Amino acid sequence: MTTAKIDARPAAPVPVWTRLLRDPRLPIVVTAALLVVMYAYGSYRYSFDQQVPANLLINNSYLIVAAVGATFVILTGGIDLSIGSLVGFSTVLTGLLVTKNHVPVGLAAVVVLVAGALGGLLMGCMIQYFRVPPFIATLAGLFLFRGLSLMLSKESIPINDKTVASIAQFHISLPGGAFLSVGATVALVVVALAVFVLHYTRFGRQVYAIGGNEQSALLMGLPVARTKIAVYALSGFCSALSGLVFVLYIQSGDPRAAIGMELDAIAAVVIGGTLLTGGFGYVLGSLLGVLVIGLIKTIISDEGTLSSWWIKIGTGALLLLFILLQRTVTARGTRTTR
Amino acid sequence: MTALARIRQRDWRSLTRQQLFWPLLILVALLLFNLPFTPNFFSIGVRNGHLYGSLVSILYFGTVPILVALGMTLVIATGGIDLSVGAVMAISGAIACRLISHAADQNSVSLVLEAMGLALLASLAAGLFNGLMVARAGVQPIVATLILMVAGRGIAQLITSGFILTELSKPYGVLGGYAATVPTGVFIVIGFVAVAAVLTRRTALGLLVESVGGNAEASRLAGVRAQRIKVMVYLFCALCAGVAGLWNSSSLGGADANNAGLWIELDAILAVVIGGTPLTGGRFSISGTVVGALILQTLKTTIFTIGIPAQANMVFEAVVVIIICLLQSTDFRRRVARLLRPGAARGRPVGPVGPDGPTAPDQRPAQAAVSPESVEIPS
């Protein structure tokens with residue numbers, strides 16, 4: 001970026017590599033590069049076949065959908081801790097509607113999505129109108145929805161519906177013998193839609209503007225209240241959709257499903273290069289973040305000799321690596337935002 | 001309006017603006033709420049040589065939330081947050097229990113002291129990591145502490161090899177038990193709260209913490225060693241979490257790396273906010289935090305004693321938390337006041353109370369301006 005200069009001296013030319021280093025998109029490029037390196041290592045060591053990348057999408061489809069919602073919220077400078085609870089609540093609600101009340105699957109899905117969006121809307125109203133910090137408001141949401149799902153059903157509800165089973169088993173074949181599940185396709189569509197909304201619509205620009213500086217956005221006349229509430233409603237909607245994808249994955253409604261998933265989603269968003277202070281980041285980065293976390297899990301489970309806690313330590317170490325990398329790479333280019 | 005009524009109204013208003021007024025009111029209301037359900041709620045007796053009763057059990061189980069929330073208060077006062085406290089609790093308990101359970105003589109006092117010392121050293125190392133990440137590397141606090149929150153529980157499981165380690169050490173059991181009929185935790189809490197209160201309110205340290213939280217760069221330019229202060233608060237927070245982890249494993253008689261201190265960071269942050277410390281930093285209240293943690297613990301005891309079915313626990317807790325947050329929100333109170341007395345409440349801006357009063361970016365700058373009324377209130 002160049003700034004208007006008053007004095008007549010010509011500005012010193014900025015070397016190309018400095019400009020490259022200062023590009024705020026660099027962390028995402030680094031994430032993508034590391035993903036490629038990790039994948040290359042994995043395929044060299046465990047001889048991955050072409051289904052592995054497809055499985056990476058299939059096994060993490062619900063997390064991708066949730067991370068997209070989290071990206072919108074984090075872009076406005078907020079945070080959503082209710083994701084995991086809302087996912088669990090959605091699976092239980094789907095299970096109850098389909099198996100106990102025999103509601104058609106399509107209608108049940110619509111009800112679940114509306115419930116999720118309404119839940120997000122309520123939290124957004126608390127945050128916007130009553131100035132409850134997002135951390136606290138969505139924390140209350142975390143308790144509320146987990147509690148509601150436990151109230152609806154103490155036990156996991158198996159879903160034996162034919163329609164659900166056929167959707168869950170439906171495969172979309174890809175060239176090369178690999179295939180995608182319905183959930184993975186939904187996740188990819190959600191990512192594509194989110195990219196479109198964030199970069200090509202007025203709403204997307206408002207999201208970035210609010211994250212950059214809420215006061216300025218307000219003084220510019222942007223509908224801050226409406227946009228902020230919409231963002232939390234959108235995140236609630238994404239969590240509910242993630243819950244539906246999760247139902248396809250586990251074919252039951254489990255009140256204890258997806259406990260702590262919000263942390264995975266937030267970690268994915270951070271690894272994807274989005275600033276938690278808001279105003280900068282890309283949905284595609286979050287997608288890469290989810291894939292990186294998924295790849296760690298794949299490699300650790302392929303290793304076989306490593307215990308499950310190494311997944312946690314590995315995710316933490318990787319988070320550390322990415323953050324330090326992003327810091328050193330972008331330290332001089334961007335302002336230090338705290 | 002007569003002069004007397006005006007004075008009374010002003011007294012009432014300055015009372016409601018005291019930082020501790022709303023949290024204390026909520027705590028008393030919650031305690032009184034128990035009376036119709038449990039008539040002997042306030043009675044305290046002696047059984048097996050130690051005190052018992054609902055109030056005692058609130059204090060007993062309040063040890064962990066108060067300790068962790070105390071450390072969290074100072075971190076939040078510098079504008080930070082520490083999500084890793086639960087993991088630090090798990091690590092500290094795991095180290096102590098591993099050392100004690102593998103020893104030949106579990107009842108040796110020197111062994112117990114050594115185990116506790118090592119566990120606290122490990123906690124301090126975790127705090128140092130958090131502090132350096134935030135202060136030196138300049139990583140956002142949520143992200144910096146998220147690393148240990150994720151990895152720390154894995155490390156704790158690594159230490160316990162995935163098992164629940166049990167220990168039968170008598171001297172270690174005193175920590176989470178009773179000393180001179182009173183829960184030992186009460187003494188620990190009083191000690192930590194007293195030290196923190198004296199250090200922050202009788203020396204300049206508290207002021208420095210608040211100045212760093214208000215504006216780290218400005219306070220650095222003013223000669224405050226902002227980085228050092230930040231590292232110190234993360235160290236203190238981890239130490240509190242480490243002691244809480246020791247207490248927890250001692251009272252359970254073992255270390256469970258999966259569940260020790262699970263979600264305690266959320267409880268602690270909630271307690272801090274209920275106590276009137278804003279998440280934006282720059283201001284803190286230790287007494288408020290203690291009251292906030294007691295409110296949460298009383299709420300949990302209440303849920304248990306009035307016999308709400310287990311499944312409804314979380315919903316009840318969530319509803320109460322939402323009500324508490326709304327009661328503390330100045331905007332909510334202003335809106336309710338406007339609804340109740342249309343006309344009367346106009347042009348009477350609410351003073352700087354509540355967690356988010358003056359620091360949150362207000363969208364109505366004209367109304368948020370300091371009014372002459374709020375100036376005369378001693379803070």
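Nothing in this text is a laboratory measurement; each read-out follows from the coordinates by a stated rule. Since the structure is predicted, the reported quantities are computational estimates derived from the model, not experimental observations. Note that each Cβ is placed from the backbone with ideal geometry, even for glycine, and that neighbours are counted across all protein chains shown.
Assuming a ≥ b ≥ c are the square roots of the Cα gyration tensor eigenvalues, decide whether the protein assembly as shown counts as rounded (a/c under 1.5), prolate (otherwise, with a/b larger than b/c) or oblate.
rounded
Report the full-extension gain for the segment residue A:297 to residue A:166: residue separation times 0.36 nm, less the Cα-Cα distance, to one decimal in nm.
Here the segment from residue A:297 to residue A:166 would lengthen by 44.4 nm.
Expressed as an acute angle from 0 to 90° and rounded to the nearest 10, what is the orientation of the C-alpha long axis of helix B:264-274 relative to the principal long axis of chain B?
Value to nearest ten degrees: 20.
How far apart, in nm, are two points set 7 Å out from the Cα along the Cα-to-Cβ line at residue A:44 and at residue A:215?
With each label point 7 Å from Cα toward Cβ, the separation is 5.2 nm.
Over region B:41-181, what is the mean sequence separation of C-alpha contacts under 8 Å (at least six apart), divided by residue count, expressed as relative contact order in percent?
Result for region B:41-181 is 32 percent.
Mind checking which lysines have their Cα closer than 29 Å to the Cα of residue A:100? Skip sequence neighbours fewer than 8 apart in that chain.
A:154, A:162
Any idea what the dipole of the protein assembly as shown comes to, in debye rounded to 20, about its Cα centre with Lys/Arg Cβ at +1 and Asp/Glu Cβ at -1?
Result for the protein assembly as shown is approximately 2120 debye, rounded to the nearest 20.
Using only Cα atoms, find the angle between the long axis of helix B:85-102 and the longest principal axis of chain B, and express it within 0 to 90 degrees, rounded to the nearest 10.
With rounding to tens, the tilt is 20 degrees.
Report the full-extension gain for the segment residue B:114 to residue B:319: residue separation times 0.36 nm, less the Cα-Cα distance, to one decimal in nm.
69.4 nm
Quickly rank B:132-141, A:150-159 as a protection proxy: mean count of other C-beta atoms within 10 Å, highest first.
The densest-packed peptide leads the list: B:132-141, A:150-159.
Per Stokes-Einstein, at 37 °C and 0.692 mPa s, what whole-number D in µm² s⁻¹ belongs to region B:243-349, with the Kirkwood radius over Cα pairs as the hydrodynamic radius?
Stokes-Einstein gives a translational diffusion coefficient of 199 µm²/s.
What is region B:41-123 by shape, rounded, prolate or oblate, if you read a ≥ b ≥ c off the alpha carbon gyration tensor as root eigenvalues and call it rounded for a/c under 1.5, prolate for a/b larger than b/c, and oblate otherwise?
Oblate is the answer for region B:41-123, as a/c is 1.5 or above yet b/c matches or exceeds a/b.
To the nearest 0.05, what FRET efficiency results for residue A:151 and residue A:325 with a Förster distance of 56 Å applied to their C-beta separation?
Once the sixth-power term is evaluated, E becomes 0.80.
Separation of region A:240-306 and region A:112-181 by C-alpha centroid, Å?
First find each Cα centre; the distance between them is then 14 Å.
Only Lys, Arg, Asp and Glu count, each charged at its Cβ (+1, +1, -1, -1), so figure out the dipole size of chain A about its Cα centre, rounded to 20 debye.
980 debye
If I build a Gaussian network model for chain A, linking alpha-carbon pairs within less than 10 angstrom, which residue out of A:68, A:269, A:186 has the largest mean-square fluctuation?
Greatest mean-square fluctuation among the candidates belongs to A:186.
If only Cα atoms are counted, what is the Rg of region A:181-338, and what is its Dmax, in Å?
17.8, 58
Need one number: nm distance between label points at residue A:101 and residue A:33, each 7 Å from Cα along Cα→Cβ, rounded to one decimal.
So the label points at residue A:101 and residue A:33 sit 5.3 nm apart.
I'd like the per residue volume of the convex hull spanned by the Cα atoms of region B:143-226, given in cubic angstrom.
Spread over its residues, the Cα hull of region B:143-226 gives 155 Å³ apiece.
Over the Cα atoms of region A:27-69, what radius of gyration and what Dmax do you get, in Å?
12.1, 35
Using 0.36 nm times the number of residues separating residue B:194 and residue B:121, minus their current alpha carbon distance, what extension gain do you get?
Here the segment from residue B:194 to residue B:121 would lengthen by 24.1 nm.
Once the mean 1/r over all distinct Cα pairs of region B:216-301 is inverted, what Kirkwood radius in angstroms do you read off?
Hydrodynamic radius (Kirkwood, Cα pairs) of region B:216-301 is 15.0 Å.
Return a whole-number percent for the relative contact order of chain A, with Cα pairs under 8 Å and 6 or more residues apart as the contact set.
34 percent.
Is any residue of region B:158-173 close enough, with backbone N under 15 Å, to a label point placed 7 angstrom from the Cα of residue A:307 along the Cα-Cβ axis, and if so, which?
Only B:158-166 fall inside the zone, counting backbone N under 15 Å.
So what are region A:123-247's ellipsoid semi-axes, whole angstrom, largest first, if each one is the square root of 5 times an eigenvalue of the alpha-carbon gyration tensor?
Semi-axes, largest first: 34, 24, 9 Å.
Residue B:300: which aspartates and glutamates have alpha carbons under 18 Å from its alpha carbon, excluding same-chain residues fewer than 8 sequence positions away?
B:265, B:267, B:317
Starting from the Kirkwood radius over alpha-carbon pairs of chain A, derive D by Stokes-Einstein at 20 °C in a medium of 1.002 mPa s and give it in µm² s⁻¹.
102 µm²/s
Tally Lys and Arg at +1 and Asp and Glu at -1 over the other residues with C-beta under 14 Å from the C-beta of residue B:249: what net charge comes out?
Overall, the nearby charge balance is -1.
Tell me, what is the FRET efficiency for residue B:128 and residue B:164 to the nearest 0.05, using R0 = 25 angstrom and their Cβ-Cβ distance as r?
Approximately 0.30, to the nearest 0.05.
Give the shape of chain B as rounded, prolate or oblate, defined through the alpha-carbon gyration tensor: a ≥ b ≥ c are the square roots of its eigenvalues, a/c under 1.5 means rounded, and otherwise the shape is prolate if a/b is larger than b/c and oblate if not.
Judged from the Cα gyration tensor, chain B comes out oblate (a/c at least 1.5, b/c at or above a/b).
Hey, which aspartates and glutamates would be in cross-link range of residue A:312, C-alpha to C-alpha under 13 Å, not counting anything within fewer than 8 residues on its own chain?
Here the aspartates and glutamates satisfying the reach criterion relative to residue A:312 are A:264.
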